[in-house]
Amino acid sequence: MSVYFLCFILFCVGLYCILRKRNIIKIIIGLAIIEYAVSLFFILTGYRLHGRAPIFARDQEILNMVDPLPQALVLTTIVISLVVMVIVVSLALRIYEKYGTFDITKIRRLKG
Amino acid sequence: MKMLLCFTIIPLAASFLIALLGKKIKNFSGVVVNLVSLSLLSFSLYLVVLASAQKLIICKIGGWMPPLGICLVVDGLAVFMLVTVNLVSFLVMVYALSYMSRYTDKWKFDALFMLMLAGMNGVIVSGDLFNLYVFLEVASIAGYGLVAFGVEAEDLEASFKYAIMGSLASIFILLGIALLYSFTSTLNIAGISLVLSGEPRGQLVAFVSVLFLAGFGLKAALVPFHAWLADAHSSAPAPISAALSGVFIKTLGIYALVRVFFNMLGITANLLFILIVLGVLSMVVGAFLAIAQHDIKRMFAYSSVSQIGYIVFAFGIGTPLAILGGLLHLFNHAVFKSLLFLNAGAIEYSTGTRDLKRLGGLGRRLTVTGGTGFLGAMSISGIPPLAGFWSKLIIIIAAVQAGYFGSALIAVLISIVTLAYYLKFQATAFLGKLERTWEGIKEVPLTMQLSMIILACICVAGGLLLIPAFKPFIQDAVGVLAAGDGYRDAVFSALK
């Protein structure tokens, strides 16, 4: 149970980072932290204590196995979040070229 | 039926080929995207006939039975959305042929657009929750790239905002999926619905509902989550604004929302009430934000928020008549909002500005843009006999029938506000005295005119969707949503 709670704290740290930080690089780090927290949570839902890998073999009886599906799904999620991260970081670099700052409060040409 | 895979595979392959060869072969990308979107449009029209005969078309990928494998499901609602998405995408691609000559590297635009189309089609045909999430992300990522396509300072800023908000929405959706999977041990939408029906409705379903509402609501730009939309939709190139406002927010937001709530989690009175509140709020806030704008595209973008409010409000009422009105308004809004954004693009193409304060009297020079823009603006404001009138009428009648008199009154009043800001657009852009600066402007190229004229014709004829000949097209879609849990039974009986 405590491990889920820690996972929740990680999620909150990321959310705080996105909502409160003014530097866009820190916002991106917050996004990454949230993604890690959710991936970790997804893995944990499939985890069994002292479970083994679900590989079928002859003369073996599998009593307690880890659910492999969340792991496969999280792998997909990691790839997706990597792509998002690449896009967001490259946007941040271009923004720095145009505005000369990473401060989100100074990047405000769009209004209304 | 294996052919359903075409909806995602063809645009994905096209995107890959364009990325590979687009730079080397001139005009390759333009030809490919138009062929792909035309073939997908004709295929989705063919599916209308097929789906009305079979009710439900299912494709088991790799021959694996769900829940082991992923299945693609096309029912009445999915066909309806497929036609809407592919129709608008095709016309937008025709328009982009000449419009995108203002930008360099059109092939990159085409490759990203194909990726976005693949994502949207994938969301619609998917019968598996995680698969839906993956395609949603594919479409969103292409969307972030397309919003920043001009790489001006404003475009980058808008895209960054959109990317952060959009990724946060996706994370909420993923968290919801993780919780649902840990509870039901399946990811198939019909399967989850089956497991949930056997259990009492606990706290978990309520929590997952909140996560999905926040996630899909952010994608659909419902009012507390609408801040990114005006920036993103006004900074993108005009064809992309048209595709984003016309079909993107509806597919990723509204379609996914109603599919998940009506067919999977099951609707409750509380949830319908929340949808009504969000809908009315979006209607009002969007309209009043729009009226203050003097950038044409920002005005249209806020107007999208307002019209999305109408659609969500209609789904919130929940009676079959209201759902009919909501779906009709969804289709109509896809048509006239993309038309209006294309008009805005045409004005920008000819004059180089989209500031209403600097425009005036363009109707004399830009006859086609002015004429189609007039039809689009009148249709969205609900002037009879244009398409927008019928869908708004049905929504308001349904609201009165269901006893929501106050909300129905608000819907009527906001319709008048909508008319006000579209008249402002008409009066300041097309009517009035022609300023000397714009004496020499010319009408836009033929392909741009063509797609605007076709969209305007659909605007005029949109009310005809209500006649019995088009019954299978829209009535099946209403049936899917009105049946709620019936989706599950239909999928399982089709799998056998």
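What is the distance in Å between the Cα centroid of segment B:81-98 and that of segment B:108-172? So the separation of the two Cα centres works out to 17 Å.
Excluding same-chain neighbours fewer than eight residues apart, the lysines reachable from B:Lys496 by a Cα-Cα span under 26 Å are B:Lys2, B:Lys55, B:Lys60. For segment B:328-434, a crude dipole built from +1 on the beta carbon of Lys and Arg and -1 on the beta carbon of Asp and Glu, taken about the Cα centre, is about 340 debye to the nearest 20. Going by Cα centres, segment B:371-413 and segment B:286-329 are how many Å apart? The distance from the Cα centre of segment B:371-413 to that of segment B:286-329 comes to 10 Å. Computed from Cα atoms, the angle from the helix B:269-291 axis to the main principal axis of chain B rounds to 10 degrees. Taking Cβ atoms as reference points and 11 Å as the exclusive limit, the residues near B:Gly370 contribute a net charge of +1, counting Lys and Arg as +1 and Asp and Glu as -1. Within a straight-line Cα-Cα reach of under 12 Å, B:Lys357 can be paired with the following aspartates and glutamates, leaving aside sequence neighbours fewer than 8 residues apart in one chain: B:Asp295, B:Glu435.
By the rule of a C-alpha distance below 26 Å, with chain neighbours fewer than 8 residues away ignored, the lysines paired with B:Lys26 are B:Lys106, B:Lys108. For helix B:320-351, what angle does its Cα long axis make with the longest principal axis of chain B, in degrees from 0 to 90 and rounded to 10? Relative to chain B, helix B:320-351 is tipped by roughly 30 degrees.
Please work out whether segment B:19-82 counts as rounded, prolate or oblate from its C-alpha gyration tensor, where a ≥ b ≥ c are the square roots of the eigenvalues and a/c under 1.5 means rounded, while otherwise a/b larger than b/c means prolate and anything else oblate? Oblate is the answer for segment B:19-82, as a/c is 1.5 or above yet b/c matches or exceeds a/b. Taking the C-alpha atoms only, the angle from helix A:68-99 to the longest principal axis of chain A is near 10 degrees. Oblate is the label for segment B:34-191. Its Cα gyration tensor axes, ordered a ≥ b ≥ c, give a/c of at least 1.5 and b/c at or above a/b. Taken about its Cα centre, the protein assembly as shown carries a charge dipole of about 1120 debye when Lys and Arg each add +1 at the Cβ and Asp and Glu each add -1 at the Cβ. Over 27 Å between C-alpha atoms is what I'm after, so list which of B:Lys392/B:Lys424; A:Lys21/A:Lys111; B:Lys24/B:Lys250; A:Lys21/B:Lys337 land there. Cα-Cα > 27 Å for B:Lys24/B:Lys250; A:Lys21/B:Lys337; rest within. Candidates B:Val125, B:Ala148, B:Ile249 compared by Cα position along the dipole of segment B:3-495: farthest toward the positive end lies B:Ala148, with charges placed on Cβ.
About its Cα centre, segment B:3-495 has a charge dipole of approximately 800 debye under the convention of +1 per Lys or Arg Cβ and -1 per Asp or Glu Cβ, with nothing else charged. For the peptide A:24-37, the mean number of other protein chain Cβ atoms found within 10 angstrom of a residue's Cβ is 2.
Cut-off 13 Å, label point 7 angstrom out along Cα-to-Cβ of B:Glu152: give me the residues of segment A:80-112 whose amide nitrogen falls inside. Counting backbone N atoms under 13 Å from the label point, the list is A:109-111.
The overall shape of segment B:370-492, judged from the alpha-carbon gyration tensor, is oblate: a/c is not under 1.5, and a/b is no greater than b/c.
Bear in mind these aren't lab numbers, they're just calculated from the coordinates by the rules spelled out. Quick caveat, the model's predicted, so the values are computed rather than measured. All Cβ positions, even for glycine, are placed from backbone atoms using ideal geometry, and neighbour counts span all protein chains on display.
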